[in-house]
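Engineer: Would you mind keeping the following structure in view while I ask a few things?
Values in this text are rule-based calculations from the coordinates and carry no lab data. Remember, it's a predicted structure, so these values are computed and weren't measured experimentally. Here Cβ is always computed from backbone atoms with ideal geometry, including for glycine, and neighbour counts include all displayed protein chains.
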Amino acid sequence: MIKVGSTSLTLVQGDITTQDVDVIVNAANSGLLGGGGVDGAIHRGAGPQLLEECRTILARQGECPPGHAVITGGGRLKARFVIHAVGPIWRGGTQGEDEILASTYRSSLQMAADRGLGRIAFPSISTGAYGFPMERASRIAVATASAFVSAPSSLIEIRFVTFSRNDYAVYALLLNRDGTHANHT
Ligand code: AR6
């Protein structure tokens, strides 16, 4: 855990769908109608209301480009809301992927802060089917979150939820337990 101002950046290994927070973030695609990975798990956990709300948003505003996000209710999840955030597909690192990933995190945090929410949980966006290298993605995730909460906001906790032990270890290098950045390069 590290603290930035009054916000805690925390790390948990497990399933994001069971997190007891105000809002969980989904690693969605531009079409917004579900998919595999964490997206599939969130839709299964939340139930059909999620797809219905996503369809309504899609009809109203069209596809959601990479770097952007939309918000729905949480259906049957513990979380009251789900932010569907679209990360970049990794194309070798020369197509602006870093900046798009940072923007995906920023858009999600802004959306939560605009609604006055306190606790948000993120999966490791783009590092599954979209192929973004894990270490590079984790540095961007933590740096973007830290920068965002260096200004006051409603956010009291930003929780990074990693599915595998390996991914946990990568994040743990950035969010170690004694309150310092062990590896910030
Ligand atoms: N809880 C937490 N993390 C999870 C869970 C879970 N239940 N399930 C998987 N992960 P991915 P992407 C981790 O592929 O790379 C979908 O089809 C997983 O281990 O879910 O952004 C969408 O519809 C990995 O570390 O998302 C899009 O089409 C991380 O979540 C596309 O995949 C992200 O992997 C998005 O690809």
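Engineer: Look at the range 115-173 and say how many of its residues are in contact (Cβ under 8 Å) with a residue 40 or more places away in the chain, within 11 Å of the ligand (Cβ to nearest atom) and among the hydroxyl-bearing types (S, T, Y).
Structural biologist: Going through the range 115-173 one residue at a time, the tally reaches 8.
Engineer: Just to be sure I understand, how many residues within the range 27-38 are near the ligand (Cβ under 8 Å from one of its atoms), in contact (Cβ under 8 Å) with a residue 40 or more places away in the chain and under 13 Å from H84 (Cα atoms)?
Structural biologist: Looking only at that region, the number is 5.
Engineer: Output the qualifying pairs, or none if there are none: Cβ atoms under 7 angstrom, residues six or more apart or on different chains, first residue in the range 41-60 and hydrophobic (A, V, I, L, M, F, W, C), second residue part of a helix (DSSP H, G or I).
Structural biologist: A41/T17; I42/T17; L50/H43; L51/H43
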